[in-house]
Amino acid sequence: MIDAEVAAREGLVLVFAADQRPFRYTGGSGVVNRFCVLQPLMTLDGDRIDASRQGFPNRAKVWWMLRDDIAEEQVVPGSLWTSRIELAAKWEAKDPESDKYQAKVRDIQPGGQELIEILPVAAPEPDLAYFQRGKKLDWPRPTTPQVMLRGTRAVLGPLKARWLPEHRQLEFSAVSAGNPEVLRVPVDRFNAIVREEHFTIALNEYDPQSEKTTSVVRLTRQAWLQLDKLRAAGETLDASTDAQVINWAMKRYRVTHAQAEPVKKFFARIAEDDAAGDDQLAAAKLKRLRELEQDAERVLALGESIAQSVAETPAFEDLVRRHLDAIVAQKIGEQVALRQEEIRRRTQAEERQLEAVQASLRRLSADFEKRAAAQDEEFKARWDDRIRQLEQRERAVQDRERAVAEQEESLHLRLERVIQRYQNEAQKVGDDLVAQLPILRRMGLGAGADADLASDAEPAELRLPYWLKEEPTASFTEPIDEATFLAQFQRVVERRGFSFHLEDLLNFHVCVKIGGLCVLAGPSGTGKSSLPRLYAEALGWKNRYLQVPVRPDWLDDRDFLGAYNALARRFEPATAGVADHLIAAMLANQRGLGDIYLISLDEMNLARVEHYFAQFLSILECPIEERNIALFAPGLARPSDPYAPYQSVHVGENVRFLGTVNIDETTHFFSPKVLDRCQVVSFAPPDLAAARQGDSSDAIGGVIPVHLNTYLGWSRPPDPTGPARDFLLQVAGILRRSRLVLGIRQFDRMLRYVASARPFLSEDKALDFQLMQVVLPKLRRTAAGFEETLQGLRELIKPERCPRTADLLARIAEAGLENEYFQLL
């Protein structure tokens, strides 16, 4: 059964009954709005709906804010309305008086042209005077534009209905003014032909100022009436008003406006007219006309102009004077003969046409059966051929899998033989070397071998790269304040020929100084790979910066750090130099040198970050004293290995990790584990019109090095209370709708960013950056409740407070299913 969620998602038009009178509410800005509550009945197509509290949370009702063009006197309890629905803007799930859905303000309309309401009348048959004499029916509310009147024995209709609010009455008229007809059908035949939906509704349930009542609504649809069957089951009645009958009579008797004659003589002539009408409807009009003659005073009241025109007609005197009874009878006979001949000709033509249609249907049926049989045979043949092709492909795949398995087994056996041969040869070479060692000593060639054997006693010094071993540590004169450093940073960027907005530089600086993984994202050519190097140069630690180009074939941290060689019993570092850089940073930290080390992973998502960077993702969530990276297992390296003392490397606060990403078909998306530990930083497009001139010299003069202790002092702890914390708690509550969680450390890191950004960024601007860099990357269209979460975030995050986030949320809402956060940067 259809419920509110299905109706809102598929845009179904629903039929409602107003629950109460409208009420007014004045908002904080002084604007007065009008509201009402609607009860759902069915869809406009006639499908039943789940109108319970489960189908329409929380009250089995729909909220409605009235448009300015809807008059309040039309909104009466029980009145019918049609509209689509949408999620209510201020729905609270825990508030029992809150409705989850509301009527769309622009869609709602009264009644509906497709609907016909069936009204009960306390009489065996509805009175024809309702539409012939303008008789009114007392009724408490508006109805559908067309209605049926049901008595105990007969049903009359369809009729146009208009509700008069000042008198609370209905007036009726024929549906067609040019052909005023109405059907009268026995009740039992009407019930057998016409589908009817019956609703019993409680009104004023939530209106304390009105008495609670119950109303019964019976509805059918235009498509359910089946007028042809109703005509065959009942009779067609004349639905002309008195004025229409008078006009018909004037035309019948050729009345003009040239001569005046007393109206009573005209009605006397009508009383003497015993002729029958041209047809059943004409006979009914003559009967009505005689009734009007018996009520002359009422006819005069229909209008002075009609009575005056009849009195002035010259034909009236001629009809009285020349005994037109015989002439009328003759004319009727002639008309009947003409009509019979016309009916005969039309009947013969219709019969011939019917025979032709039946013959055509027989030919079409035979042709259809022939074509259907041919198509069935063709489909069966194609299906059998497709099955054979699939079976052949399946056999080919199985043969290929067996061949691959056999090839893998062969390669595995060959590899085992190669390894065994290598081990045997290595053992043989060792034995030969030991056997020839005395000879080598006599020749003076054994000293090196003795040194190597003796080297197991004491480890050799680690041969660090020249750029770590030979570069001197910077000299510190006096501490530099943060504002001076930011000016220095901006100067270095401009001297090197780059252009970044100042807010982007401030944001990048705060992200790096508070720790964690800082990832630079965006289109190619915006300076992502150069900014970390410029930042290291501005810190005065250009020689402590390491850029690591990530390769797509990296599978684990052995490609990133290095691996233990079991045959040589030594650690072999990876060519990227990360292990040497971390060891140098650890030694500098132990000596209290104040150096700051930056490691930048360029295009880090060419390989899966959670594979090769796994150890670092784990330690980034640990306290600083527990951040240790294992290069190899304890006890494996021989003492002569220079890396033997550095089996476990401590990653201190003097190390900062950065990365750059490009999003295309050659890269991998970040997993939730990576996103929970990083800030995704994007830049505004560079100003291409600005003048730039790069300085290619090795060093820029006047750069003051930043000591580690000074750098750490620029990071401030998060505020335990305040509006920023309350705002982020609201954001976390909305994310839980899609089962997205802001972790404790992630939440604290966002608050630490807000605190550490002062006084360079306002609190709202800092929150804007954090929402862009931490919250929005978590959104996934495939997540449960994504649309509801997106709507909640857009309602909470206003453009005047967080313009960047609000703009990206709008673009996410407008984007297609294939576009996610990273494609929209």
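The values are calculated or read from the model by the stated rules, or taken from the named source; none is laboratory data. Here the structure is a predicted model, which is why all the values come from computation and not from measurement. We place every Cβ from the backbone using ideal geometry, glycine too, and count neighbours over all the protein chains shown. Only protein heavy atoms, including side chains, enter the accessible area calculation; ligands, DNA and RNA are left aside. Shrake-Rupley method; radii C 1.70, N 1.55, O 1.52, S 1.80 Å.
Table for the structure above
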| read-out | value |
| --- | --- |
| Kirkwood Rh in Å, taken over segment 1-126 so that all alpha-carbon pairs contribute | 15.4 Å |
| Protein-only accessible surface order, largest first, of Ile327, Ile49 at 1.4 Å | Ile327, Ile49 |
| Positive-end extreme of charge dipole, segment 107-154 - chosen from Pro140, Gly111, Val121 (charges on Cβ) | Val121 |
| Average accessible area per residue (Å²) across segment 23-154 - probe 1.4 Å, nucleic acids and ligands excluded | 48 Å² |
| Sequence-distant residues sharing a close amide H with Phe571 (under 5 Å, placed H) | Asn565, Tyr643 |
| With 5 Å bins from 0: P(r) over segment 88-139, alpha-carbon pairs, percent | 4, 12, 13, 12, 11, 9, 9, 10, 8, 7, 4, 0 |
| Solvent-accessible area of Tyr25 with every protein chain in place, 1.4 Å probe, in Å² to the nearest 10 | 130 Å² |
| Order by protection proxy (mean Cβ within 10 Å, highest first), peptides 188-194, 632-638, 148-154 | 148-154, 188-194, 632-638 |
| HN-Hα J in Hz across segment 208-217 - Karplus 6.51, -1.76, 1.60, θ = phi - 60°, x for Gly and Pro | x, 8, 10, 6, 6, 9, 10, 10, 10, 10 |
| Sites Tyr25 and Lys135, calculated FRET efficiency, Cβ-Cβ separation with R0 56 Å, nearest 0.05 | 0.85 |
| Lys/Arg +1, Asp/Glu -1 at C-beta; segment 668-809 dipole; positive extreme among Pro705, Phe786, Phe683 | Phe786 |
| Per residue accessible area in Å² of segment 707-825, where ligands, DNA and RNA are left out and the probe is 1.4 Å | 47 Å² |
| Exposure rank, largest accessible area first [Glu351, Glu621; 1.4 Å] | Glu351, Glu621 |
| Linear extension gain, Ser176 paired with Arg393, 0.36 nm per residue minus alpha-carbon span | 71.3 nm |
| Cα-based reach from Lys287 at 21 Å (exclusive), listing lysines while leaving out same-chain residues under 8 positions away | Lys135, Lys251, Lys264, Lys265, Lys331 |
| Rounded accessible area of Arg736 (nearest 10 Å², 1.4 Å probe) | 150 Å² |
| Nitroxide proxy distance, nm - points 7 Å out along Cα→Cβ at His412 and Arg345 | 9.7 nm |
| Listed residue pairs exceeding 23 Å between alpha carbons, taken from Lys61/Lys778; Lys94/Lys778; Lys160/Lys285; Lys100/Lys765 | Lys61/Lys778; Lys94/Lys778; Lys100/Lys765 |
| Dipole in debye (nearest 20) - segment 511-623, about Cα centre, beta carbon charges: Lys, Arg +1; Asp, Glu -1 | 300 debye |
| Largest to smallest accessible area among Ile744, Ile663 [probe 1.4 Å] | Ile744, Ile663 |
| Distance between modelled label sites at Gln353 and Lys94, nm, 7 Å Cα→Cβ extension | 7.2 nm |
| Amide H contacts under 5 Å for Gln169, placed H, 5+ residues apart | Trp139, Leu164 |
| Sulfur and carbon atoms: percent of accessible area, segment 154-206 [1.4 Å] | 46 percent |
| Projected-area mean, segment 532-672, by convex hull of Cα positions, square nanometres | 9.4 nm² |
| R0 of 60 Å, Cβ-Cβ distance Gln590-Gln54: FRET efficiency to nearest 0.05 | 0.35 |
